[in-house]
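Reviewing the structure listed below.
The values are calculated or read from the model by the stated rules, or taken from the named source; none is laboratory data. Worth saying up front: this structure is predicted, and the values here are computed from it rather than measured. Here the Cβ positions follow ideal geometry from the backbone for every residue, glycine too, while neighbour counts run over all protein chains shown. Areas reflect the complete protein model, heavy atoms only, side chains present, ligands, DNA and RNA absent. Shrake-Rupley method; radii C 1.70, N 1.55, O 1.52, S 1.80 Å.
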Amino acid sequence: VCVCACVYSIFSRSIASFPEEMKAFKQTIQVVEECDRTRLKLQADIAENVNLVKQLVVKAEDVRLVGNMEHMKRIYAQLYELNLELIGEYKKRARNHAELVRNLKTVNSMIQKAARLRTGRYKTQVVQECRKAIKSNNIHALVDIFRSGQASN
């Protein structure tokens, strides 16, 4: 149950307080940040493995030209294992992406809720301020924007 305390100032500005929603929103932001860190780590791991695959393919071709079939088989076994790793990394990346998208939809929903609390230019201002905060990667400013309709300076 959300408790709403809206106070209208002289300038028709509103202050909204939804403690439970904000608590859930902050958790969502933490999940988004964690997903982003995980995404970057997975990208680095995948790039490293792709480079290793390229090296092993060249090495296997060199060994084949020399005629060392036993060594070539070992290299191709390594390639097979590396391919399985890459498939596993891709699955992790896909799960991480799905979780990130789900949480970003929650963030967007929260922005829409905050905008619906206001009317006219203040509604538009909330959406614009939220876009600016997200664009400048100042995610924590969203809480202030939700509360007061503008970013704190």
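Overview of values
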item	result
Electrostatic dipole magnitude of the chain [Cβ: Lys, Arg +1; Asp, Glu -1; Cα centre; debye, to 20]	800
Contour excess over end-to-end distance, with Cα ends at Glu61 and Glu48 and 0.36 nm allotted per residue	2.6 nm
Of all accessible heavy-atom area on the chain, the percent that carbon and sulfur account for (1.4 Å)	56
Max mean-square fluctuation residue, GNM over the chain, Cα-Cα springs under 10 Å, options Ile15, Ile87, Ile111	Ile87
Table column - 3J(HN,Hα) (Hz), the range 78-90, Karplus curve with 6.51, -1.76, 1.60, x for Gly and Pro	5, 4, 4, 4, 5, 4, 4, 4, 4, 5, x, 5, 5
Extension gain from Lys132 to Ile87, taking 0.36 nm per residue of separation minus the Cα-Cα distance	12.5 nm
Inter-label distance, nm, simple model (7 Å from Cα along the C-beta direction), Asn68/Glu33	5.1
For the range 40-153: accessible area per residue (Å², 1.4 Å)	69
The chain: C-alpha gyration tensor shape, a/c 1.5 cut-off, then a/b vs b/c	prolate
For Met72, net neighbour charge (Lys/Arg +1, Asp/Glu -1) across residues whose Cβ lies under 10 Å away	+1
Selected from Asn83, Gln125, Asn96, residue furthest toward positive end of dipole (the range 58-133; charges at beta carbon)	Gln125
Distance from the range 98-153 to the range 44-87 (C-alpha centre basis), Å	48
